[in-house]
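Have a look at the structure below before the remarks.
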Amino acid sequence: MDRRKLGKSGIEVAPLALGGNVFGWTVDEATGFKILDAFVAAGGNLIDTADIYSMWIPGNKGGESETMIGNWLKRSGKRKKVILATKVGMEMGPRKKGLSKKYILREVEDSLRRLQTDCIDLYQSHEDDPKTPLEETLEIYAELVKQGKVRAIGASNYGAERLAEALEVSRRRGYPSYQTLQPFYNLYDRAEYEAKLEPLCRKEGLGVITYLSLASGFLTGKYRSKNDLAKSARGEKVKDYLNDRGFRILGTLDQVAAENKSTPSAVALAWLMARPGVTAPIASATSLEQLNDLIAATKLKLDRAAIDALNQASA
């Protein structure tokens, strides 16, 4: 796989990020290890997770994904081959959320311990914390970078105005600045990112790593009616895509996939990879078969006609 610059961080990543949200949820450790091994063997290097993954499962408390990745790193010895990205800020329990200095200092140590590493390559604010001054958050990130515990910082789920404000605070105070944005963006969900965030990210040179890049699995083509929603644990999230626009997008994905001897999911990811400003879409896999489909996207170069057809279908 080729490499792309992650903002101005000096870090280079493959054009596909492996999502860790399924680790400890729909993927057990044995399967997770196989997926991680295969991802790195194929040339992938960016692994994205978060402290909160996957506490939504009964019996889980958060940190399960980081723990699995940490166990794999220890067993495989492949720490130098990967770029570790994790996040902080979403609610982990009573009074356990936000981007205050006190909270980040505690959570970063927990993430480092679970990941079994002494440095996080990309530490991301999982969501904005309006109750904490941007100066406080960025100051503690500066401290962590200085200590060598974090290489670069990123933002997720930030609006354009708040992101621009954070970048200005970093410039004014001499703090490290957000080098990446992790937005909700895919071939179906386009409007919010393209209206204000995309122009800002391109102007500021931020790396963009998209999440829900396959629209909770809808863009794989496996959900084409309400009867299909029971196919997976994420099926219920897909029902809002089952409309005329969604079916039009699926039809075009089918057409482009057939023309390229590919699959709808690979085409949907290749469309993201071809989008100016997008560094790497994040996608998760629950099997080696799914992973191979994701990796195929990195080898697929869509021509102008295919991109125009997909843009028109999803307009």
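The values are calculated or read from the model by the stated rules, or taken from the named source; none is laboratory data. This structure is a prediction, so every number in the text was calculated from the model and none was measured. Note: ideal-geometry Cβ built from the backbone for every residue, glycine included; neighbour counts use all protein chains shown. Accessible surface areas use protein heavy atoms only, side chains included; no ligands, DNA or RNA. Shrake-Rupley method; radii C 1.70, N 1.55, O 1.52, S 1.80 Å.
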| Local net charge near Phe247, Cβ-Cβ under 11 Å (Lys/Arg +1, Asp/Glu -1) | +1
| task | Please express the shape of the stretch 158-220 as an equivalent ellipsoid: the semi-axes are the square roots of 5 times the eigenvalues of the C-alpha gyration tensor, given largest first in whole angstrom. | result | 26, 11, 8
| query | In the calculated pair distance distribution of the stretch 77-232, what percentage of Cα-Cα distances lie above 22 Å? | reply | 47 percent
| task | Can you grab the distance from the C-alpha centre of the stretch 90-163 to the C-alpha centre of the stretch 205-219, Å, no decimals? | result | 21 Å
| note | For the stretch 22-66, one quarter of the surface area of the C-alpha convex hull, expressed in nm², comes to 3.1 nm²
| query | To the nearest 0.05, what FRET efficiency results for Lys146 and Glu289 with a Förster distance of 45 Å applied to their C-beta separation? | reply | 0.55
| request: Count the lysine pairs in the stretch 1-98 whose Cα atoms lie under 14 Å apart, taking only pairs 8 or more positions apart in sequence or on different chains. | output: 5
| request: Determine by what factor the alpha-carbon radius of gyration of the stretch 36-87 differs from 2.2 N^0.38 Å, reporting the quotient. | output: 1.19
| said: Ignoring solvent entirely, what values of log10 I(q)/I(0) come out of the Debye formula for the stretch 177-315 at 0.10, 0.12, 0.15, 0.20 Å⁻¹ when each Cα is a single scatterer? | reply: -0.31, -0.45, -0.72, -1.25
| request: Straight distance only, please: which lysines reach the Cα of Lys261 with their own Cα at less than 23 Å, same-chain residues fewer than 8 apart left out? | output: Lys222, Lys299, Lys301
| Quotient of C-alpha Rg and 2.2 N^0.38 Å, computed over the stretch 1-46 | 1.31
| field | Dimensionless Rg ratio for the stretch 1-148, taking C-alpha atoms and the 2.2 N^0.38 Å reference | value | 1.04
| Ellipticity estimate at 222 nm from DSSP helix runs (n ≥ 4, -39,500 (n - 2.57)) divided over the chain, nearest 500 | -12000 deg cm²/dmol
| note | In degrees rounded to 10, the 0-90 angle between helix 64-76 Cα long axis and the longest Cα principal axis of the chain is 90 degrees
| query | For Gly62, what is the net charge nearby, where nearby means another residue's Cβ is under 12 Å from its Cβ and Lys, Arg count +1, Asp, Glu -1? | reply | -1
| note | Counting only DSSP beta bridges with both partners in the chain, the antiparallel fraction in percent, to the nearest 5, comes to 10 percent
| remark: Whole-number value, in Å³ per residue, for the convex hull of the alpha carbons of the stretch 86-129 is 68 Å³
| query | What ranking do 174-185, 302-313 get when scored by the average of other Cβ atoms within 10 Å per residue, highest first? | reply | 174-185, 302-313
| field | Largest to smallest principal axis extent of the C-alpha atoms in the stretch 236-315, angstrom | value | 34, 32, 26
| message | Can you tell me what percent of all Cα-Cα pairs in the stretch 199-241 are more than 14 Å apart? | response | 53 percent
| Quick one: accessible area per residue over the chain, 1.4 Å probe, rounded to a whole number of Å²? | 44 Å²
| task | On a 0 to 90° scale, report how tilted helix 304-313 is relative to the longest principal axis of the chain, with both axes built from alpha carbons and the result rounded to the nearest 10. | result | 90 degrees
| query | Got a sec? Which residues in the stretch 19-53 would a label at Asn60 touch, if it sits 7 Å along Cα→Cβ and we count backbone N under 11 Å? | reply | 20-28, 50-53
| remark: trypsin sites (Lys or Arg not before Pro) in the stretch 216-301 lying in a DSSP loop, each with at most 16 other Cβ atoms within 10 Å of its Cβ, come to Lys222, Arg224, Lys261, Lys299, Lys301
| If you take every DSSP beta bridge whose two residues both sit in the stretch 1-140, what share of them, in percent to the nearest 5, is antiparallel? | 20 percent
| message | Whole percent per 20 Å bin, from 0 to the bin with the longest distance: what is P(r) over all C-alpha pairs of the chain? | response | 34, 59, 7
| request: Report, to the nearest 10°, how far helix 160-173 tilts away from the longest principal axis of the Cα atoms in the chain, using its own Cα long axis and a range of 0 to 90°. | output: 30 degrees
